[in-house]
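What follows is a single structure, written as structure tokens, with notes after it.
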Amino acid sequence: MSDRTRPLSVDRVGPAVISGIGLILAVVELEHVVKMDTPLGVVLEAGFPLALACALTYAGVWLGRNRFGREETLRVIAWFAVGTVGMLLVTAWVIVHQLIRGVPFHHTAFVLTNTAIVGGIGGFVVGAYDARSERRRRALADERRNLARERERTAFLNHLLRHNVLNAMNVVLGRADSLSSHVDDDGRDHLGSITRCSEDVVTLVQNVSTITRVVSEERETALESVDLSETLERGVENLRLAYDEAEVVARVPPGIEVWADGLLSEVFENLLLNAVQHNDDSPRVTVTASVAEDGGSAVVSIADDGPGIPDDAKRKLFRASHAELSRSGHGVGLVITRVLVRRYGGDIRVEDNEPTGTVFHVELRTTPPTPTARDGGIAASPEA
């Protein structure tokens, strides 16, 4: 049904009524202006109320043109009515009280008019603020519902990837490994291509799973004390098992505790794989960890002897665009690493290694007061 054929309702008539009341009050105040014989009286006693009455007239027009919903419009109208009637009742009570005491009350109509204007303007302002607040509350509630639905969809897709795609790729890799002894040299090259592509798919699925875990959690997530030394030891050991040709040197003192969560291992797994995969046939990776003199932070450095990273690439290394990630699928791990490090309240930076290669430095907070991960930072608990 169009606006022209829709029956009249309070939310449509109300703004016109407000403008009409404002116009009537403005006419009354204009009469008072004409009767005033002093400039000060014109300005204070009639001019100012006349301006408010004109403002009330425009308020009704504004309400009619504003994109408030029906309920929000009714809120404004209700507050306008409460303000106007409430002020009139208070003023009437004062007048009656004066008359009962035998005290004459002059200019009754003038006082009631001004009171109605002030009450109407005040009620309208409160109503408009209340309507806007209600609209924001509804928009936030809708956003939360949409976010919950998106999380459910993301969780479903993650489940589908991990239990269908990942399982299928593991079967492909297993069969490819079994075929390695049954093919000639030409076939072995093709088999190697199949294996590399399959491993890329597995890595991509694992990265997508990690991203899903990060974005699907609540906005504020409690951190816990995690053994950084043990996490690094496991990461180094896994790297040595996966890449026999790599020389991995680790200098990590025991017992370093940092604020993180179960995804901390993803940070160093990505950096360690990056150090090996972008290197030659015999990569050398050095992992060191140390605690600052004040004990407030720990720094992990992962250095390789590869070709290095150009300066232009360093500046956007952790900010790969959607298009770049879509084209190649590479770079996701470093983006995830940066997101996680900032979530822990830490920092990550990259610089050149000497004589060749790259060094990634990850700084994490050690274990003073219990923090929470919020918008990439750390906030101390109330007990701190």
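Could you check how many residues of segment 260-283 are in contact with a Lys or Arg (Cβ under 8 Å, 6 or more places away or on another chain) and assigned to a helix (DSSP H, G or I)? Can you show your working first?
Start the filter on segment 260-283 by keeping residues that are in contact with a Lys or Arg (Cβ under 8 Å, 6 or more places away or on another chain), which leaves 263, 265.
With assigned to a helix (DSSP H, G or I) added as a condition, the list becomes 265.
Of the residues in that region, 1 qualify.
Of everything in segment 133-165, what is basic (Lys, Arg) and without any contact (Cβ under 8 Å) to a residue 60 or more places away in the chain? Give them in sequence order. Talk me through it step by step, then tell me what you get.
At the first step, the residues of segment 133-165 found to be basic (Lys, Arg) are 135-138, 144-145, 149, 151, 153, 162.
Selection gives Arg136, Arg137, Arg138, Arg144, Arg145, Arg149, Arg153, Arg162.
Kindly evaluate Glu143 against the criterion of being modelled with pLDDT of 80 or more, assigned to a helix (DSSP H, G or I) and under 30 Å from Ser297 (Cβ atoms). For Glu143, the condition - modelled with pLDDT of 80 or more, assigned to a helix (DSSP H, G or I) and under 30 Å from Ser297 (Cβ atoms) - is not met. Within segment 58-95, being free of Cβ contacts under 8 Å to residues at least 60 places away in the same chain, farther than 27 Å from Phe110 by Cβ, assigned to a helix (DSSP H, G or I) and not hydrophobic (A, V, I, L, M, F, W, C) holds for Gly64, Arg65, Arg75.
Within segment 259-268, the only residue that satisfies the criterion of being free of Cβ contacts under 8 Å to residues at least 60 places away in the same chain and in contact with a helix residue (DSSP H, G or I) (Cβ under 6 Å, 6 or more places away or on another chain) is Ser265. Kindly indicate whether any position in segment 121-137 is exposed (fewer than 12 other Cβ atoms within 10 Å of the Cβ) and within 27 Å of the chain's Cα centre (by Cα). So far as segment 121-137 goes, yes, one or more of its residues are exposed (fewer than 12 other Cβ atoms within 10 Å of the Cβ) and within 27 Å of the chain's Cα centre (by Cα).
If you go through segment 368-384 one residue at a time, how many are modelled with pLDDT under 50 and in a loop (DSSP other than H, G, I, E, B)? Even if it seems obvious, please write down each step before you answer.
Let us first name the residues in segment 368-384 that are modelled with pLDDT under 50, namely 369-384.
Still in the running and in a loop (DSSP other than H, G, I, E, B): 369-370, 375-376, 381-384.
Going through segment 368-384 one residue at a time, the tally reaches 8.
Here the strands (runs of 3 or more DSSP E) wholly within segment 150-259 that include at least 1 residues being surrounded by 12 or more Cβ atoms within 10 Å (Cβ to Cβ) and modelled with pLDDT under 80 are 220-222.
Only residues that are under 46 Å from the mean Cα position of the chain (by Cα) and crowded, with 18+ Cβ neighbours inside 10 Å were counted across segment 85-117, and they come to 4. Listed by first and then second residue, the pairs linking a residue in segment 333-362 that is in the same structural domain as Ile302 (by TED's automatic domain parsing) and surrounded by fewer than 18 Cβ atoms within 10 Å (Cβ to Cβ) to a residue that is part of a helix (DSSP H, G or I) and at pLDDT 90 or above, with Cβ atoms under 9 Å apart and 6 or more places separating them unless they lie on different chains, are Asp347/Val341.
Here are some residues: Asp347, Asp280, Asp304, Asp352. Which one is closer than 24 Å to Glu199 by Cα and either at pLDDT 90 or above or touching a Pro at 6+ places or on another chain (Cβ under 7 Å) (or both)? Quick ask: steps written out before the conclusion?
On the way: Asp347 fails: closer than 24 Å to Glu199 by Cα; Asp280 fails: either at pLDDT 90 or above or touching a Pro at 6+ places or on another chain (Cβ under 7 Å) (or both); Asp352 fails: closer than 24 Å to Glu199 by Cα.
Every option except Asp304 fails the conditions.
With respect to being at pLDDT below 85 and out of contact with any His (no Cβ under 8 Å at 6 or more places or on another chain), Val76 falls outside the description. Candidates in segment 49-84 are the residues that are closer than 25 Å to Leu30 by Cα and touching an Asp or Glu at 6+ places or on another chain (Cβ under 7 Å); of these, the one that is surrounded by the fewest Cβ atoms within 10 Å (Cβ to Cβ) is Leu50.
The values are calculated or read from the model by the stated rules, or taken from the named source; none is laboratory data. Values in this document were obtained by computation on a predicted structure and should not be read as measured data. Every residue, glycine as well, gets a Cβ built from its backbone with ideal geometry; the counts of neighbours run over all protein chains shown.
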